[in-house]
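Structure, as structure tokens:
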Amino acid sequence: MKRTLLLAATAALMIGAGPALAKKQLVIVVKGLDNPFFEAINQGCQKWNSENTDSEYECFYTGPASTSDEAGEAQILQDVLSKPDTAAVAISPSNAPLIAQTIRSANPTIPIMTVDADLAKEDSSLRKTYLGTDNYQMGYRIGEYIKKAKPNGGKICSIQGNAAADNILRRAQGMRDALTGQEGLAELKGEGGWTEVSGCPVFTNDDGAKGVQAMTDILAANPDLDAFGIMGGWPLFGAPQPYRDLTRPLADKIASNEFVIGAADTIGEEVAIAKEGLVTALVGQRPFEMGYMAPSVMLDLIAGKEVADPVFTGLDECTKDNADTCIQK
């Protein structure tokens with residue numbers, strides 16, 4: 001009898017110990033695991049874990065294998081929201097309308113925030129806050145660098161990622177506003193001296209090789225092109241050698257501002273490329289900081305604390321002249 005009671009008590013302790021050992025998940029869902037930008041977010045997430053080993057929560061990083069897999073990201077979000085150990089989610093929407101629809105369908109009771117990329121303004125009530133780059137300001141600064149180099153304007157093409165990515169659309173708008181001094185133009189047709197050439201913007205689905213190919217095709221079709229505005233660093237960090245091969249013959253023109261390339265991000269080999277003089281200016285984000293801060297913001301949301309909306313993580317700006325010192329340490 002005593003042995004039976006002892007076994008029952010031991011089993012009860014083991015059953016009770018199970019849930020206590022399982023940590024609640026602070027989930028970060030990114031657009032794709034194939035992108036070094038998002039790996040930097042993962043590194044920030046893991047640093048938070050290493051500094052909070054005694055917490056009942058852990059940061060969990062996930063996303064589809066490919067950045068171009070919009071449906072895959074939405075499915076992962078749906079799966080994550082159905083799990084009982086998910087305590088909060090930070091999502092980087094690749095396709096903002098699709099992610100908004102997924103959130104509506106799931107009707108979650110846990111806090112949802114966005115990181116890196118936001119939902120469209122009309123869907124902002126679906127998330128508690130946005131953590132990441134001021135994307136409009138990022139695009140605006142890219143536009144200011146281009147305008148400073150060519151104050152009289154010219155012909156320009158913007159290289160963009162996903163046509164439904166809200167963060168990229170905001171950057172493009174910021175660039176157009178900076179170039180023209182006007183707000184809200186969907187296309188440049190001579191305003192401020194700037195004209196977007198036929199076939200632009202080019203959407204590359206965040207694929208570096210496609211970005212370089214698009215730049216090659218646009219230059220071939222428009223030998224009098226004056227500038228590229230690259231709204232994400234995909235061609236530079238995703239295909240650095242092909243990018244170098246394409247732009248090295250333009251190095252003298254870039255140095256003299258006869259040809260201008262303003263690009264987003266400062267990851268991978270981008271700063272080295274700036275140091276080589278193959279891009280006019282980079283305006284970079286701070287993805288590691290996004291990943292590191294996201295768990296703390298999610299915990300504040302879980303606790304019902306007041307959280308600012310948005311929470312911006314700042315920008316780094318790199319040129320050939322400051323490439324050795326431009327990244328915040």
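Laid out as a table, the results:
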item: Cα gyration tensor shape of segment 38-98, rounded if a/c is under 1.5, else prolate or oblate by comparing a/b with b/c; result: oblate
item: Over 28 Å between alpha carbons, listed pairs 189/210; 47/305; 31/128; 47/121; 121/155; result: 47/121; 121/155
item: Rounded percent of accessible protein surface that carbon and sulfur make up, the chain, 1.4 Å probe; result: 52 percent
item: For residue 48, solvent-accessible area (1.4 Å; no DNA, RNA or ligand), Å²; result: 10 Å²
item: Shape of segment 178-329, Cα gyration tensor, a/c cut at 1.5; result: prolate
item: Normalised contact order of segment 213-329, rounded percent, pairs of Cα under 8 Å and 6 or more residues apart; result: 23 percent
item: Amide H partners (placed H, <5 Å) of residue 194, local residues excluded; result: 154
item: Residue-averaged 222 nm ellipticity for the chain, from DSSP H runs of 4+ at -39500 (n - 2.57), nearest 500; result: -13000 deg cm²/dmol
item: Over the chain, relative contact order from alpha-carbon pairs under 8 Å, at least 6 apart, %; result: 19 percent
item: Where only alpha carbons of segment 229-300 are counted, the Rg and the Dmax (Å); result: 15.0, 51
item: Nonlocal amide H pairs with residue 317, under 5 Å, H built at 1.01 Å; result: 284
item: Furthest towards positive pole of dipole, 302, 318, 136, structure part the chain, Cβ charges; result: 302
item: Extension reserve of the residue 105-residue 327 stretch, reckoned as 0.36 nm per residue once the Cα distance is removed; result: 75.9 nm
item: Additional length obtainable on full extension of the chain from residue 125 to residue 198, 0.36 nm per residue less Cα span; result: 22.6 nm
item: Accessible-area value, residue 176, 1.4 Å probe, nucleic acids and ligands omitted, Å²; result: 20 Å²
item: Largest-first ordering by accessible area, 1.4 Å probe, given options 203, 259, 237; result: 203, 237, 259
item: In order through segment 245-256: 3J(HN,Hα) via Karplus (6.51 cos²θ - 1.76 cosθ + 1.60), integer Hz, x for Gly, Pro; result: 4, 6, 8, 4, x, 9, 4, 5, 5, 5, 4, 8
item: Euclidean distance between Cα centres, segment 310-324 to segment 107-143, Å; result: 20 Å
item: Sorted largest first, extent of segment 137-212 alpha carbons per principal axis (Å); result: 32, 22, 20
item: Largest-first ordering by accessible area, 1.4 Å probe, given options 73, 51; result: 51, 73
item: 1.4 Å probe accessible area per residue over segment 226-318, in Å²; result: 36 Å²
item: Residue 299 accessible area, 1.4 Å probe, all protein chains in place, Å² to nearest 10; result: 50 Å²
item: Lys, Arg +1 and Asp, Glu -1 on Cβ, resulting dipole of segment 214-329 about Cα centre, debye, nearest 20; result: 220 debye
item: In degrees, nearest ten, helix 208-221 long axis to first principal axis of the chain (Cα); result: 20 degrees
item: Solvent-accessible surface ranking, highest first, for 47, 23, 31 at 1.4 angstrom; result: 47, 23, 31
item: Separation of alpha-carbon centers, segment 254-278 and segment 28-73, rounded to whole Å; result: 28 Å
item: Full-extension gain in nm, residue 65 to residue 309, via 0.36 nm per residue minus C-alpha separation; result: 84.9 nm
item: Cα gyration tensor shape of segment 119-249, rounded if a/c is under 1.5, else prolate or oblate by comparing a/b with b/c; result: oblate
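The values are calculated or read from the model by the stated rules, or taken from the named source; none is laboratory data. If you're wondering where the values come from, they're calculated on a predicted model, not measured in any experiment. Backbone-built Cβ (ideal geometry, glycine too); neighbour counts: all protein chains shown. SASA here: full protein model, heavy atoms, side chains in, ligands and nucleic acids out. Shrake-Rupley method; radii C 1.70, N 1.55, O 1.52, S 1.80 Å.
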